[in-house]
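Colleague: I'd like to ask some things about the structure below.
The values are calculated or read from the model by the stated rules, or taken from the named source; none is laboratory data. Computed from a predicted structure; not experimentally measured. FYI the Cβ positions are ideal-geometry reconstructions off the backbone, even for glycines, and counts take in every protein chain you see. Remember, those area values only see protein heavy atoms, side chains included, never the ligands or the DNA or RNA. Shrake-Rupley method; radii C 1.70, N 1.55, O 1.52, S 1.80 Å.
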Amino acid sequence: MKVLRAETIAHQAGAYYVRIQAMARKYHITLEQEFDEHDTPDTKNIVILDDDFPVATCRLYAINEKSVMLGRIVVLPEYRHKGLGSLSVTEAEKWAKELGFEKAVLEAREGKVGFYERLGYTADRNRMINGETFTCIYMEKNLK
């Protein structure tokens, strides 16, 4: 496996491919729902490749000067349960620290809260996010 910071259009396309294949198709999410105002040519994405084929991704963008939002954390179904979701999150956190962020925030689907808790995130179950496609729980982690 190879971990990339998507710094080219080709790598960014790899991140988008994983998102479309693993989430949009499965949950019938439209392109307009999947790709939002945070998907720009400047958006940062981690992409994990298996033999040059994109298999996992994580998007990150600044919320403010100290906090970064991690999201669109996706692994192709046939690559799940191999540590790639954890790897994409930890690589995104590493990049965020290098960029000077002190806190990572994410919105976890209800069934994925335990996964993120194992990675050191704390859930605020009083902060539910009712999105177009999923109900999510606000989670955060200190990066210092």
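Colleague: Please report how many Lys pairs in the stretch 54-144 have alpha carbons closer than 13 angstrom, counting only residues at least 8 apart along the chain or sitting on separate chains.
Modeller: Count of close lysine pairs: 11.
Colleague: Taking only protein heavy atoms and a 1.4 Å probe, what accessible area per residue, in Å², does the chain have with all protein chains in place? Spell out each step's value before the answer.
Modeller: Values: 8060 Å² over 144 residues.
So the chain comes to 56 Å² accessible per residue, rounded to a whole number.
Colleague: Less than 15 Å Cβ to Cβ from P77, Lys/Arg counted +1 and Asp/Glu -1: what total charge do the surrounding residues give?
Modeller: On the way: positive: R19, R25, K26, R80, K82, K112; negative: D50, E78.
Charge balance in the 15 Å sphere: +4.
Colleague: In addition: Sticking with the crude label model, points 7 Å out along Cα→Cβ, report the distance from H81 to F115 in nm, one decimal please.
Modeller: Each label point is offset 7 Å from its Cα along the Cβ direction, giving 1.3 nm.
Colleague: Within the chain, what whole-number % of the accessible surface is contributed by carbon and sulfur, with the 1.4 Å probe and all protein chains included in the calculation?
Modeller: Working: 3840 of 8060 Å².
Looking at the chain in its full context, I get 48 percent from C and S.
Colleague: Calculated from DSSP H runs of 4 or more alone, at -39500 (n - 2.57) each and per residue, what is the 222 nm mean residue ellipticity of the chain, nearest 500?
Modeller: Rounded to the nearest 500, the figure is -7000 deg cm²/dmol.
Colleague: Another one. Which shape class, rounded, prolate or oblate, goes with the stretch 51-144 when its Cα gyration tensor gives a ≥ b ≥ c as root eigenvalues, a/c under 1.5 marks rounded, and past that a/b bigger than b/c marks prolate?
Modeller: On the way: a/c = 1.71, a/b = 1.12, b/c = 1.53.
Verdict is oblate for the stretch 51-144.
Colleague: Compute the distance in nm between two label points, each set 7 Å from the Cα along the Cα-to-Cβ direction, one at E65 and one at K2.
Modeller: Distance between label points: 3.8 nm.
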